[in-house]
Structure formats: structure tokens, C-alpha cells
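Shown next, in C-alpha cells, is the structure this report addresses.
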Amino acid sequence: MSVDQLTDATGGDEKATTEAVTTAAAAAGSYPVAPGHRLNVRSGPGTGYSIVRTLPEGSWVRIHCQTPGTRVSGPYGTSNVWDGIGSGQYVSDAYVRTGSDGYVAPRC
């Protein structure tokens, strides 16, 4: 079952549903981008790297690895962790809801 196919099996308990989705996302390695944000995907782990594409609002990312880079402030705090989402593609972890302030994937 993919994360976007999850249904509310808790009878409407929003907190439990959110926790279930977060747990399922973590197990799958996919995480949501902060609501209401388009997210720049960069060629390296920092704001000085070129933008290779932009993720639309409502996107989810699969984190393959994480590495330190430029410190960025976003909806989920300030972090120097960058998420590798593909070959030569990085997003700031400050815009991805991983449920952790630290690393949730192997280092790049």
C-alpha cells in the first residue's frame, strides 16, 4: 500500500491518523514537504548550488541519503541537514516533515 492510499482506520481521530501516516511514510522512506510550500531541488547540499527543479505544493519526497550543508530556516526549524532525493538532487530538511531533527537516512 502506498502512503497516499492510507485510510483513516481510527474512526476519525486526527492525531492518530497523522501518526499512522507519519509512521507509514517513515517506513517507506517518503516524507511530505511542508504544506503550502513549493520546494527548490538543488544540485548540491546548499543554497549556493543551482536549482534543478521545483517540487509543487503537496509533494512527497523519498530520502535516499542525508548530508550536512548550508543552514536553512524553514517550517520545521533551522537545520544544516540536506536530503538526497536523487542523483544530484538535494532539498533542505527544514522543509521536509521527517519527524526528527536529526538524520533519518544514511549519510550521502
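The values are calculated or read from the model by the stated rules, or taken from the named source; none is laboratory data. Remember, predicted model here, so these are calculated numbers, not experimental data. Here Cβ is always computed from backbone atoms with ideal geometry, including for glycine, and neighbour counts include all displayed protein chains. What goes into the accessible areas is simple: the full protein's heavy atoms, side chains included, and nothing from ligands, DNA or RNA. Shrake-Rupley method; radii C 1.70, N 1.55, O 1.52, S 1.80 Å.
Within this structure, G69 passes the test of being of a type outside the set (D, E, K, R) and crowded, with 18+ Cβ neighbours inside 10 Å. Only residues that are open to solvent by less than 30 Å² (accessible area, probe 1.4 Å) and not charged (D, E, K, R) were counted in segment 88-107, giving 7. When G84, G74, G88, G69 are screened for being touching a residue at least 24 places away in the same chain (Cβ under 8 Å) and on the phi > 0 side of the Ramachandran plot, only G88 passes.
Consider segment 78-87 and keep the residues that are closer than 21 Å to G102 by Cβ and over 13 Å from the mean Cα position of the chain (by Cα). The one that is least open to solvent (accessible area, probe 1.4 Å) is N80.
Of all residues in segment 10-43, those being at pLDDT below 95, polar (S, T, N, Q) and in a loop (DSSP other than H, G, I, E, B) number 1. The residues of segment 44-65 that are in a loop (DSSP other than H, G, I, E, B), touching a residue at least 12 places away in the same chain (Cβ under 8 Å) and loosely packed, with under 13 Cβ neighbours inside 10 Å, listed by number, are G48, P56, E57, G58.
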